[in-house]
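Enquirer: One structure, as structure tokens, below. Some questions next.
The values are calculated or read from the model by the stated rules, or taken from the named source; none is laboratory data. Only a predicted model underlies this, so the values are computations on that prediction, with no experimental measurement involved. Cβ coordinates were reconstructed from backbone atoms using ideal geometry, including for glycine residues, and neighbour counts include every protein chain displayed.
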Amino acid sequence: MIGIQYAWDDSEKTVIRMYVGDYWDWDDLKMAMDGISDLMNEVYHQVDVITIMRPTTAIPEGNPTYHIKNAVTLLPANAGIHVMVGGNILINRTVRMLANTYACMRGRFFQTVGLGEAYRIIARNRPEIYEAFDMVS
């Protein structure tokens, strides 16, 4: 697979799944994040992102800190958490460093090796939703 692909993961439009191919560049990331922003702007509730990347996928030349931070800061206000599944050690360490450095990313980035765990992380970080009949006056 070349580039980055993304789509809604569920019919409720609460999760976007993004696949990062073996050959991608920072322009691919910018275009994908613009498209993901468009999807998030279709709804008003929190939308989380799962990124799937193979461990053999290389990081493009250039400054990953600059490109990843810019990509994240341009997301709409309803952007929730981001769970990375897979990735190599360099990408994982870069994301972890960014998540600990920038307030806009703190507590919003998670990493795991399996898709099932990604869904569990999202479920644990969902805001509580109360129906009108559940409310006590």
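Enquirer: In this structure, is TYR119 modelled with pLDDT of 80 or more and either over 16 Å from TRP8 (Cα atoms) or assigned to a loop (DSSP other than H, G, I, E, B) (or both)?
Expert: Working: modelled with pLDDT of 80 or more: yes; either over 16 Å from TRP8 (Cα atoms) or assigned to a loop (DSSP other than H, G, I, E, B) (or both): no.
For TYR119, the condition - modelled with pLDDT of 80 or more and either over 16 Å from TRP8 (Cα atoms) or assigned to a loop (DSSP other than H, G, I, E, B) (or both) - is not met.
Enquirer: Right, here's the next one. Take the residues in the range 79-116 that are under 17 Å from THR51 (Cβ atoms) and hydroxyl-bearing (Ser, Thr, Tyr), then tell me which one is modelled with the lowest pLDDT.
Expert: Per the criteria, the residue is THR94.
Enquirer: Filter the range 48-86 down to residues that are among the charged types (D, E, K, R) and in contact with a helix residue (DSSP H, G or I) (Cβ under 7 Å, 6 or more places away or on another chain) and give me whichever is surrounded by the most Cβ atoms within 10 Å (Cβ to Cβ).
Expert: Here is the first cut: in the range 48-86, the residues among the charged types (D, E, K, R) are 48, 54, 61, 69.
Narrowing further to those that are in contact with a helix residue (DSSP H, G or I) (Cβ under 7 Å, 6 or more places away or on another chain): 48, 69.
Values: ASP48: 24, LYS69: 16.
Among residues in the range 48-86 that are among the charged types (D, E, K, R) and in contact with a helix residue (DSSP H, G or I) (Cβ under 7 Å, 6 or more places away or on another chain), the one surrounded by the most Cβ atoms within 10 Å (Cβ to Cβ) is ASP48.
Enquirer: If I ask for residues that are touching a residue at least 40 places away in the same chain (Cβ under 8 Å) and either of a type in the set (Phe, Trp, Tyr) or in a helix (DSSP H, G or I) (or both), which ones from the range 7-33 would you list?
Expert: Scanning the range 7-33 gives TRP26, LEU29, LYS30, MET33.
Enquirer: Filter the range 75-92 for residues that are in contact with a Pro (Cβ under 7 Å, 6 or more places away or on another chain), within 23 Å of ARG126 (Cβ to Cβ) and in a loop (DSSP other than H, G, I, E, B) and give the result. Reasoning before the result, please.
Expert: Step one: list which residues in the range 75-92 are in contact with a Pro (Cβ under 7 Å, 6 or more places away or on another chain), which gives 86-88.
Subsequent filtering for residues that are within 23 Å of ARG126 (Cβ to Cβ) retains 86.
Scanning the range 75-92 gives no hits.
Enquirer: Can you tell me which of VAL95, VAL43, VAL72 is more than 12 Å from the chain's Cα centre (by Cα) and either in a strand (DSSP E or B) or touching a residue at least 12 places away in the same chain (Cβ under 8 Å) (or both)?
Expert: Working: VAL95 fails: more than 12 Å from the chain's Cα centre (by Cα); VAL72 fails: more than 12 Å from the chain's Cα centre (by Cα).
Selected residue: VAL43, the only one of VAL95, VAL43, VAL72 that is more than 12 Å from the chain's Cα centre (by Cα) and either in a strand (DSSP E or B) or touching a residue at least 12 places away in the same chain (Cβ under 8 Å) (or both).
Enquirer: So which residues in the range 51-69 are among the polar types (S, T, N, Q) and either on the phi > 0 side of the Ramachandran plot or part of a loop (DSSP other than H, G, I, E, B) (or both)? Can you show your working first?
Expert: The initial filter retains those residues of the range 51-69 that are among the polar types (S, T, N, Q), namely 51, 56-57, 63, 65.
Result: THR56, THR57, ASN63.
Enquirer: Which ones in the range 22-40 are under 17 Å from the mean Cα position of the chain (by Cα) and either modelled with pLDDT under 90 or closer than 21 Å to ILE121 by Cα (or both)?
Expert: ILE36, MET40
Enquirer: Still on this model: Can you tell me which residue within the range 122-131, out of those that are loosely packed, with under 12 Cβ neighbours inside 10 Å and among the charged types (D, E, K, R), is modelled with the lowest pLDDT? Steps first, answer last, please.
Expert: Going through the range 122-131, the residues loosely packed, with under 12 Cβ neighbours inside 10 Å turn out to be 123-124, 127-131.
The next check asks that each one be among the charged types (D, E, K, R); those that pass are 124, 128, 131.
Working: ARG124: 91, GLU128: 64, GLU131: 54.
Ranking the qualifying residues of the range 122-131, first place goes to GLU131.
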